[in-house]
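The values are calculated or read from the model by the stated rules, or taken from the named source; none is laboratory data. Here the structure is a predicted model, which is why all the values come from computation and not from measurement. Cβ atoms come from the backbone with ideal geometry, glycine included; neighbour counts cover every protein chain shown.
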Amino acid sequence: MAMTLAASAEDTEDTREAAPGPTYDLDRVRADFPILAQKVHGRPLVYLDNAASTQKPRAVMDAIAACYGEYYANVERGVHTLSQRSTAAREGAREAVRRFLNAPSAEEVVFVRGTTEAINLVAASWGRRHVGPGDEVLITELEHHSNIVPWQLLCEERGALLRVAPIDDRGEVILEELDRLLSPRTRLVAVAHVSNALGTVNPVREIAARAHEAGAVVLVDGAQAAPHLRVDVQALGCDFYAFSGHKVYGPSGIGALWGRRELLEAMPPWQGGGGMIRTVSFAGTTYAPPPHRFEAGTPAIEAAVGFGAALNYLTALGLPAVGAWEAELLALATERMAAVPGLRLIGTAKEKAAVLSFTLERIHPHDVGTVLDREGIAVRAGHHCAQPVMERFGVPATTRASFGLYNTREEVEALVAALHRARKLFG
Ligand code: PLP
């Protein structure tokens, strides 16, 4: 099944570009993901919960199996061959992250457990040093709890103020309001590249430019952007970029924080232990330079290796091609779902990634999720760790279908047909 791609994948900024080739071999892509070839409740699995976590290609499984089967040992400091091979494989993954983000140096890439840990690291290390009483941290109303709560904790501790730029009825950040909230007191602006609950693609380059003009540092939560858009941290002009392995077809328990070298070098450690020191004595301890300063303890070695393999897999497919294919799925689903009686789309931004949040009149989102599951269709129902977004749209929860690089037009049609049936079932 070779799909013709729209050659004119639109872009608001640097992160997307037109598809490089004319075709995207969906059959071949799907064959890379063995988990997809199964039935759930007697029906072919339709996996539309990609914003929560993506499935894994064989390349990732093979890389992890090779790590365990061929060269696993603890990393760093080891003089023996396996330790050196493990270290090299993990550092190779760091280089894969650097390439993926177009970061200037692999030394600016810190391995973490995921986006949540990356943001907590910045809050605990950079934040405690740079945010003081009366200072402000600016976020937006569409953030995931991971990009809210660490800043609340920091502001509480430091006597600072958390400011929130509102979103409009489409789910777009109101840039004039963001401008109004920026002030010389703003130390940091933390913003999602893509909203997990709405699909909105934020104009992060523009936001970063405005924040920098005000003298603030910019952190981008890239958890939902990395699987869909080509990310270039230099073009975006941000200072920190965080994302998770499990959302880019890699393992869970691993992710990356990219930070500008001069910021990382000036940051104190946030966790102490093995691997992050230069020298230890009871008179005083000195610390390793970044990135190791922020990687205390034995790391997730095999997960890092799998993460690198996932990023190489995505890069080989080509993010512009992936993004263009997903845009086709999103357009199809948006059009078809408009015909489902009582369906309200939550999040209608002009620039969206392949995430569709919706409510169905008189049916609780969890019931929609359960009905769809009976048909083999996996979606997510709930507040999606974005309760302020739910509050903004006056709903307790939504059902969310989110597409990945292996989803098909037939799967979109299956979802829509099942929604029509649910509609009939509940009256
Ligand atoms: N930020 C966004 C926008 C997300 O969608 C998620 C996960 O859903 C996170 C942060 C947290 O990612 P993780 O749970 O991998 O740390």
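Glu361 passes every criterion in (1) on the phi < 0 side of the Ramachandran plot; (2) surrounded by fewer than 19 Cβ atoms within 10 Å (Cβ to Cβ); (3) within 15 Å of the ligand (Cβ to nearest atom) apart from (3).
When Arg58, Arg99, Arg77 are checked against the criterion of being surrounded by fewer than 16 Cβ atoms within 10 Å (Cβ to Cβ), modelled with pLDDT under 95 and among the charged types (D, E, K, R), a single residue qualifies: Arg77. From the list Thr140, Thr115, the lone residue that is under 28 Å from Tyr249 (Cα atoms), in contact with a Phe, Trp or Tyr (Cβ under 8 Å, 6 or more places away or on another chain), within 16 Å of the ligand (Cβ to nearest atom) and not assigned by TED's automatic domain parsing to the domain that holds Arg344 is Thr115. Looking at this structure, is Thr15 within 16 Å of the ligand (Cβ to nearest atom), at pLDDT below 95 and assigned to a loop (DSSP other than H, G, I, E, B)? So Thr15 fits the description; yes. The criterion of at least 3 residues that are at pLDDT 95 or above and touching a Ser or Thr at 6+ places or on another chain (Cβ under 9 Å) is met by the following strands (runs of 3 or more DSSP E) wholly inside segment 212-266: 240-244, 255-259.
Selection of segment 48-59 for residues being away from the ligand (no atom under 16 Å from the Cβ) and under 27 Å from Ala197 (Cβ atoms) yields only Pro57. Out of Pro269, Pro251, Pro227, one residue alone is touching a Lys or Arg at 6+ places or on another chain (Cβ under 9 Å), more than 16 Å from the ligand (Cβ to nearest atom) and in contact (Cβ under 8 Å) with a residue 40 or more places away in the chain. It is Pro269. Looking only at residues in segment 206-224 that are more than 18 Å from Phe100 (Cβ to Cβ) and not aliphatic (A, V, I, L, M), which one is nearest to the ligand (Cβ to nearest atom)? Ranking the qualifying residues of segment 206-224, first place goes to Glu206. Within the option set Leu142, Leu181, being over 22 Å from the mean Cα position of the chain (by Cα) and not aromatic (Phe, Trp, Tyr) holds for one residue only, Leu181. For segment 186-195, check the following and say yes or no: at least one residue is assigned by TED's automatic domain parsing to the domain that holds Ala223 and in a helix (DSSP H, G or I). So far as segment 186-195 goes, no, none of its residues is assigned by TED's automatic domain parsing to the domain that holds Ala223 and in a helix (DSSP H, G or I).
Which residue, of Glu176, Glu143, is modelled with pLDDT of 95 or more, acidic (Asp, Glu) and in a helix (DSSP H, G or I)?
Values: Glu143 fails: in a helix (DSSP H, G or I).
None of the other options fit; the residue is Glu176.
Does Ala339 meet the test of being out of contact with any Cys (no Cβ under 8 Å at 6 or more places or on another chain), assigned to a helix (DSSP H, G or I), within 30 Å of Val395 (Cβ to Cβ) and modelled with pLDDT of 95 or more? Explain how you work it out, then say what you get.
Values: out of contact with any Cys (no Cβ under 8 Å at 6 or more places or on another chain): yes; assigned to a helix (DSSP H, G or I): no; within 30 Å of Val395 (Cβ to Cβ): yes; modelled with pLDDT of 95 or more: yes.
Here the answer is no, as Ala339 does not meet what is asked.
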